[in-house]
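No value in this document is a laboratory result; all are computed from the given coordinates. Treat the numbers as computed from the prediction; the structure is a model and nothing was measured. Positions of Cβ are backbone-derived with ideal geometry, glycine not excepted, and every protein chain shown enters the neighbour counts.
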Amino acid sequence: MGAIIAEKPKAAAATKRETAGKPEAVKDAGSKSAPTELPATLYRTHVVECDKPENTFAFDFTADYLTMMAVLERSIAQQLNESCGITVLQYRMMLRLLAEGSLQTTVLARSLSVGLSTASMAVAKLADAGLVSRHEDARDMRTVALRLTRKGRAQVKRADQDVMAMMADYWRSLTPEQLQAALASSASAVQRHSAPRIEDGRQRMDTALVDTVIISRTLTGRALQAQGLTINDFRVMLALRLQDGTGTATETAQFLFLNSSDITPCLKNLEARGLITRHRSPKNRRVRIIELTAEGRRRTSELMPVVFDALHETCRSDDELIRIHISAARDLVARKRHQALF
């Protein structure tokens with residue numbers, strides 16, 4: 001199967017064009033843009049006023065969208081680890097080196113929005129595996145430039161095949177409308193926050209969607225970190241909110257498609273912040289009940305616009321595209337819940 005590429009959608013109306021299952025190409029749209037204000041959308045109004053009875057569905061679609069991003073990130077990471085023994089960050093680094101030829105670690109860290117220490121550790125592992133080589137920069141002997149080795153280029157090719165197969169499976173699960181919305185948003189996100197991967201003058205969309213997932217997770221994680229929370233902390237709060245404010249660790253983890261051990265640090269952090277309480281069930285002393293406190297309910301509602309804005313910043317979709325993205329998230333979560341039951 002060749003590279004997955006797609007023609008750049010020109011408007012939301014174009015998203016309904018039928019496809020044969022393989023997206024076409026997106027031409028390079030040029031430089032990134034970063035408007036200072038997010039465009040207003042009706043969905044943000046629903047999120048801001050999520051406590052109104054007519055807007056409580058905002059909790060559902062936010063929870064499902066965050067779940068979709070988490071599921072996609074985990075699937076990409078698992079695929080790369082099992083097939084190539086590399087992380088998503090290392091893959092994205094290798095793609096940058098493939099495009100640029102030679103870069104410094106500081107430039108890689110900045111372009112991928114990660115800390116220098118995180119980037120340095122990832123580069124060290126790539127170098128130890130013989131996938132990248134270090135060279136003194138001819139223009140400045142004090143700096144070290146990184147380049148892909150022949151082994152590294154071969155590894156990128158293998159990783160591409162696995163990522164493309166995984167993305168193709170995901171795309172086949174979408175309706176034509178949802179597929180074109182995903183392509184439009186991926187093209188926008190990569191232009192805004194990353195760097196398009198161009199092959200034969202067209203943008204490669206399988207790796208663009210990988211970038212978009214990571215960009216979305218990064219922006220959301222950064223916004224919640226400023227509030228002293230992780231993405232999974234907030235997802236636990238949302239899960240409890242959608243379960244009438246109460247549940248067990250097992251129920252909450254299952255709702256989020258996580259293991260109970262995955263949410264243990266979340267529960268500790270939320271309890272320390274007074275956002276949840278934990279107590280023994282009167283019916284079964286071995287079971288601990290988790291409940292959102294009044295402060296927890298208030299903070300869940302208060303953080304909804306923060307999370308929405310971080311997600312919206314990824315690609316700045318209009319109301320129609322947001323509607324389609326939400327439908328894709330709801331469908332994906334529904335399929336996973338059906339699989340879990342049967």
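Quick rundown of the values:
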quantity	calculated
Kirkwood hydrodynamic radius over Cα pairs of the range 83-127, then Stokes diffusion coefficient at 4 °C and 1.567 mPa s, in µm²/s	124 µm²/s
Label-to-label distance, nm, for residues given as Glu37 and Glu295 (7 Å Cα→Cβ offset)	3.4 nm
Gaussian network model of the chain, Cα within-10 Å springs - most flexible of Gly247, Gly221, Gly130	Gly130
Over the range 78-172, relative contact order from alpha-carbon pairs under 8 Å, at least 6 apart, %	32 percent
Length released on extending from Ser173 to Phe57, taking residue separation times 0.36 nm less the Cα-Cα span	39.4 nm
Prolate/oblate/rounded call for the range 78-172, Cα gyration tensor, a/c under 1.5 rounded	prolate
Arg158/Arg74 FRET efficiency (R0 35 Å; Cβ-Cβ; nearest 0.05)	0.95
Cα Rg, Dmax, the range 176-342, angstrom units	18.4, 66
Given 13 as the ceiling on other Cβ atoms within 10 Å, longest exposed-site-free region of the chain for GluC sites (Glu not before Pro) in DSSP loops	38-342
Pair Val287, Glu199: separation of 7 Å Cα→Cβ label points (nm)	5.1 nm
Chain lengthening between Met121 and Lys268 when straightened (0.36 nm per residue, less Cα-Cα)	50.1 nm
Sequence-separation-based contact order of the range 176-342, relative, with Cα cut under 8 Å and 6+ spacing, percent	26 percent
Among Arg280, Arg96, Arg158, residue whose mean-square fluctuation peaks in a GNM of the chain (springs only between Cα atoms under 10 Å)	Arg280
FRET efficiency, 1/(1 + (r/R0)^6) with R0 25 Å, evaluated for Arg222 and Arg134 via beta carbons	0.25
The range 133-192: relative contact order as a whole-number percent, Cα under 8 Å and 6+ apart	17 percent
For the range 244-312 versus the range 102-125, the gap between their alpha-carbon centres in whole angstrom	34 Å
Pair Arg335, Lys151: separation of 7 Å Cα→Cβ label points (nm)	3.7 nm
Viscosity 0.692 mPa s, 37 °C: Kirkwood-radius Stokes-Einstein D of the chain over Cα pairs, µm²/s	153 µm²/s
